[in-house]
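Sharing a structure with you now.
The values are calculated or read from the model by the stated rules, or taken from the named source; none is laboratory data. Bear in mind the structure is a predicted one, so any value in this text is a computation, not a measurement. Glycine also receives a Cβ, built like all others from the backbone with ideal geometry; neighbour counts cover every protein chain displayed. The accessibility values were calculated without ligands, DNA or RNA, using every heavy atom of the protein model including side chains. Shrake-Rupley method; radii C 1.70, N 1.55, O 1.52, S 1.80 Å.
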Amino acid sequence: MKFLSVIGDPISHSKSPRMHNNAIKALGLDGIYTRYHLKNANLLREKIFELGFSGVNITLPFKEKALELADVKDDFAQNIGSANTLCVKENKIYAYNTDALGFLEAIREFKGIEKALILGAGGTALALAYALREKGIKVCIANRSQERLKEFSAYEAYLYENLKDFDFDLVVNATSAGLRDENLPCDKELLDRILARSKFAFEVIYGKETPFLTLCKNYNLKTKDGLDMLLWQGVFAFEFFFDTYNQREPIKNAMWQALRVE
Ligand code: NDP
């Protein structure tokens with residue numbers, strides 16, 4: 001039997017147990033997926049082995065630590081600098097980043113993107129920037145403060161007030177503005193200028209319509225929130241956990257069904 005878990009701090013809000021257990025049930029696999037509240041990042045590797053997990057999803061604030069402790073790191077995770085999925089095989093930990101893969105799958109229906117603007121410079125922005133660049137898309141980053149822009153030396157990266165280019169096919173809100181407040185990620189005037197010229201918008205937050213998403217809809221952009229990204233990161237993690245590579249549709253359907261239950 002496979003013993004799986006999501007690990008983070010906090011963890012009670014995570015939808016992963018419901019998603020994965022529903023997929024395990026739908027496919028008739030032998031496994032169970034739980035949640036584990038960890039406070040000390042330094043205990044992560046030790047706890048994975050001690051509790052006998054064969055795979056774990058890692059959420060905030062341990063995604064960088066998850067990559068660091070792994071024995072084998074896939075290229076995506078290595079280049080992004082964080083991992084959200086760890087598999088244990090023969091006493092070795094393998095690290096993957098399915099957030100980035102999930103994001104690419106979620107925006108698959110956005111066709112013909114050549115230039116993208118990512119708002120925010122956190123861990124999620126880093127993963128999405130790398131994923132887009134891998135697809136040959138030119139990526140520009142903008143953030144409200146300087147400190148975290150340093151991690152984006154491989155990209156064009158600006159403070160909002162220094163942004164000089166306003167032409168992007170896709171605009172992504174990768175900040176947490178709008179998550180627990182009603183804020184836009186930056187000045188409305190700047191967004192007005194950008195959104196009036198773009199075609200697609202993606203909001204990483206899910207479960208509520210943020211002010212960013214509302215504004216994008218006002219400009220008649222094709223929009224998506226972060227729910228599909230959450231769904232697909234789960235599907236790809238599940239495939240790594242169970243080595244199932246030809247059952248994507250039933251896994252996706254089972255996880256989708258789990259997400260729809262309040
Ligand atoms: P981080 O804390 O690493 O980064 C947050 C970023 O948002 C920083 O650039 C920060 O700017 C900026 N920011 C925060 N608050 C505001 C604000 N009020 N106005 C403008 N900018 C702000 O967070 P993550 O990258 O880990 O996560 C970002 C978001 O992505 C979260 O909302 C999270 O829930 C979501 N997410 C969604 C996933 C999904 O599956 N859909 C998966 C993972 C994350 P500064 O540098 O100046 O502090």
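Return the residues of region 84-104 that are in contact with a Ser or Thr (Cβ under 9 Å, 6 or more places away or on another chain) and not in a strand (DSSP E or B); say none if nothing qualifies.
Taking region 84-104 and keeping what is in contact with a Ser or Thr (Cβ under 9 Å, 6 or more places away or on another chain), we get 84-85, 87-89, 94-99, 103.
Answer for region 84-104, where residues must be in contact with a Ser or Thr (Cβ under 9 Å, 6 or more places away or on another chain) and not in a strand (DSSP E or B): N84, N97, T98, D99, F103.
Would you point out the residue of region 91-102, among those that are open to solvent by 10 Å² or more (accessible area, probe 1.4 Å) and over 14 Å from A70 (Cβ atoms), that is farthest from the ligand (Cβ to nearest atom)?
First pass over region 91-102, keeping only residues open to solvent by 10 Å² or more (accessible area, probe 1.4 Å): 91-92, 94, 96, 99, 101.
Imposing the further condition that a residue be over 14 Å from A70 (Cβ atoms) reduces the set to 99, 101.
Working: D99: 5, L101: 11 Å.
Only one residue fits best here, namely L101.
Now for a different question. Go through E105, E134 for me and flag whichever is open to solvent by 10 Å² or more (accessible area, probe 1.4 Å), in contact (Cβ under 8 Å) with a residue 60 or more places away in the chain and more than 10 Å from the ligand (Cβ to nearest atom). Can you show your working first?
On the way: E134 fails: in contact (Cβ under 8 Å) with a residue 60 or more places away in the chain.
Answer to the check: E105.
Please determine whether any residue of region 243-257 is among the hydroxyl-bearing types (S, T, Y), within 16 Å of the ligand (Cβ to nearest atom) and either over 24 Å from A142 (Cα atoms) or buried (at least 22 other Cβ atoms within 10 Å of the Cβ) (or both).
Within region 243-257, the first condition is being among the hydroxyl-bearing types (S, T, Y), and the residues that meet it are 244-245.
Right, trim to within 16 Å of the ligand (Cβ to nearest atom) and you get none.
Within region 243-257, not a single residue is among the hydroxyl-bearing types (S, T, Y), within 16 Å of the ligand (Cβ to nearest atom) and either over 24 Å from A142 (Cα atoms) or buried (at least 22 other Cβ atoms within 10 Å of the Cβ) (or both).
A further question follows. Given the options V139, V204, name the one that is within 16 Å of the ligand (Cβ to nearest atom), surrounded by 14 or more Cβ atoms within 10 Å (Cβ to Cβ), modelled with pLDDT of 95 or more and within 27 Å of H13 (Cβ to Cβ).
Being within 16 Å of the ligand (Cβ to nearest atom), surrounded by 14 or more Cβ atoms within 10 Å (Cβ to Cβ), modelled with pLDDT of 95 or more and within 27 Å of H13 (Cβ to Cβ) holds for just one of V139, V204, which is V204.
Shifting gears a bit: Kindly provide the set of residues from region 158-182 that are more than 22 Å from M229 (Cα to Cα) and near the ligand (Cβ under 9 Å from one of its atoms), ordered by number.
If the condition is that a residue be more than 22 Å from M229 (Cα to Cα) and near the ligand (Cβ under 9 Å from one of its atoms), then Y160 is the only one that fits.
Which of the residues belonging to region 145-157 are assigned to a loop (DSSP other than H, G, I, E, B), under 23 Å from L195 (Cα atoms) and near the ligand (Cβ under 10 Å from one of its atoms)? If you could, list the steps in order and put the result at the bottom.
Our first condition is that a residue be assigned to a loop (DSSP other than H, G, I, E, B); within region 145-157, this holds for 145-146, 153-155.
Of the ones still in play, those that are also under 23 Å from L195 (Cα atoms) are 145, 155.
S145 - this is the single residue of region 145-157 that is assigned to a loop (DSSP other than H, G, I, E, B), under 23 Å from L195 (Cα atoms) and near the ligand (Cβ under 10 Å from one of its atoms).
For every residue, the table says whether it meets (1) under 25 Å from M255 (Cα atoms); (2) touching a helix residue (DSSP H, G or I) at 6+ places or on another chain (Cβ under 6 Å); (3) at pLDDT 95 or above.
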site	(1), (2), (3)
A23	yes, yes, yes
A26	yes, yes, yes
I32	yes, no, yes
L44	no, yes, yes
F53	yes, no, yes
Q78	no, no, yes
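Something else about it: Step by step: first the residues of region 112-127, then only those that are small (G, A, S) and in a loop (DSSP other than H, G, I, E, B), then the one that is nearest to the ligand (Cβ to nearest atom). Which residue is that?
Our first condition is that a residue be small (G, A, S); within region 112-127, this holds for 112, 116, 120-123, 125, 127.
From what's left, in a loop (DSSP other than H, G, I, E, B): 112, 120-122.
Numbers: G112: 23, G120: 4, A121: 4, G122: 2 Å.
Once the filter is applied, the top-ranked residue is G122.
Considering only residues that are touching a helix residue (DSSP H, G or I) at 6+ places or on another chain (Cβ under 9 Å) and open to solvent by 30 Å² or more (accessible area, probe 1.4 Å), which ones fall in region 146-158? Reasoning before the result, please.
The initial filter retains those residues of region 146-158 that are touching a helix residue (DSSP H, G or I) at 6+ places or on another chain (Cβ under 9 Å), namely 148, 151-152, 154-155, 157-158.
Hits for region 146-158 are R148, E151, A154, Y155, A157, Y158.
Scan region 164-176 residue by residue and report those that are crowded, with 16+ Cβ neighbours inside 10 Å and either of a type in the set (D, E) or in contact with a helix residue (DSSP H, G or I) (Cβ under 7 Å, 6 or more places away or on another chain) (or both). Show your work before the answer.
Taking region 164-176 as the starting set, the residues that turn out to be crowded, with 16+ Cβ neighbours inside 10 Å are 168-176.
The answer is F168, D169, V171, V172, N173, A174.
Sticking with this structure for a sec: Identify, by number, the condition in (1) out of contact with any Lys or Arg (no Cβ under 7 Å at 6 or more places or on another chain); (2) surrounded by fewer than 20 Cβ atoms within 10 Å (Cβ to Cβ); (3) at negative phi that N220 doesn't meet.
Status for N220: all satisfied but (3).
Which residue, of T214, T124, is polar (S, T, N, Q), surrounded by fewer than 18 Cβ atoms within 10 Å (Cβ to Cβ) and either at pLDDT below 95 or more than 28 Å from T85 (Cα to Cα) (or both)? Outline the logic, then answer.
Values: T124 fails: surrounded by fewer than 18 Cβ atoms within 10 Å (Cβ to Cβ).
Going through T214, T124 in turn, just one is polar (S, T, N, Q), surrounded by fewer than 18 Cβ atoms within 10 Å (Cβ to Cβ) and either at pLDDT below 95 or more than 28 Å from T85 (Cα to Cα) (or both): T214.
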